[in-house]
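Undergrad: Okay, handing you the structure first.
The values are calculated or read from the model by the stated rules, or taken from the named source; none is laboratory data. Since we're looking at a predicted model, the values are computed, not measured. With ligands, DNA and RNA removed, areas are computed over all heavy atoms of the protein, side chains included. Shrake-Rupley method; radii C 1.70, N 1.55, O 1.52, S 1.80 Å.
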Amino acid sequence: MHDSLANDEDRGRSVVGFAHDWPHNTQFGIPAHHHLRAQLVYAAEGVIRVSTSRCTWVVPPQQAVWVPPAVEHSVTAGGAFDLRTLYLHPSAVAHLSGECCVISVPPLLRELILYAVRVGRNYGPDSAESRVLAVIPDLLGTITPEPLQLPLPRDRRLRIITEALLSNPSDEHPLAHWAGRVGASERTLLRHFSSETGLSYHEWRKRLRLFHAITLLSKGNSVTAVAYELGYEGPSAFVAMFRRELGAPPRRYLAQHGHRAEGGGGSSRQESATGISKVQA
């Protein structure tokens, strides 16, 4: 989002912060690109989606997506957001995962992100600011990824289907409908869905709807309204699915992750120290 920071080769400034706010309730997008530095994309407010050719990740409020150095990715959002992002020199993150993933942002990391944004690149290699920011890569290595990823298939026919569903997550059509549209048998599509994404068509669509639910809930929609929007017969079935997938019912999940970064409080849970250095997305 800021080429001069994303491609800064100066090892003396191993971490630099950047803020970008989009106050409009309109579509936002940055096409596929890559850069020298790793990126931590933090959604202080709003919901952002980061995608590669292999997967897409949903970044709800108070969470972040880790993008390793040189990984081609795009960034999209369906409405207003407040973005705080870090660019980290490859030499500082060699111990971290080479795969994208979503992480919760505990209070210490949140404050360090805001500090990095305030400092920008206005610090020297041996300064107090440099020593503070050097904590960030080590801290990232202690945070467990969240299960907020949606694998994308490679098969051209499946990509037609998944792109249509990404544009309309409430689509109720069975796979047999799409088989006729893309010129392949339902059995063939089922086999490729499983082999290329690790999920069945039904599981893939359910996970997509979970991501869409997070977006709608973050915008203030009620649980009941979201349940019906996604085709559930009532809120209880939707809440059960949400709890099963993310470990908490919708409102509790948002309460854990949705406090404003500037508030300095929040109840983001402290993750166990297995780390994005060891868990592959």
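Undergrad: Round to a whole number: what % of the accessible area of the chain belongs to carbon and sulfur, probe 1.4 Å?
TA: 51
Undergrad: Averaged per residue, what accessible surface does the chain expose to a 1.4 Å probe, in Å²?
TA: Numbers: 12270 Å² over 281 residues.
Here the residues of the chain average 44 Å² of exposed surface.
Undergrad: Express in nm, to one decimal, how much length is gained between residue 139 and residue 108 on full extension, taking 0.36 nm for each residue of separation and deducting their alpha carbon distance.
TA: Result for the pair: 10.3 nm of gain on full extension.
Undergrad: Further question on the same structure: If a/c stays under 1.5 just call it rounded; otherwise compare a/b with b/c (prolate if a/b is bigger, oblate if not). Do that for the range 143-230, with a ≥ b ≥ c from the square roots of the Cα gyration tensor eigenvalues. Write out the running numbers ahead of the final one.
TA: Values: a/c = 2.65, a/b = 1.54, b/c = 1.73.
Oblate shape, in that a/c is at least 1.5 and b/c is the bigger or equal ratio.
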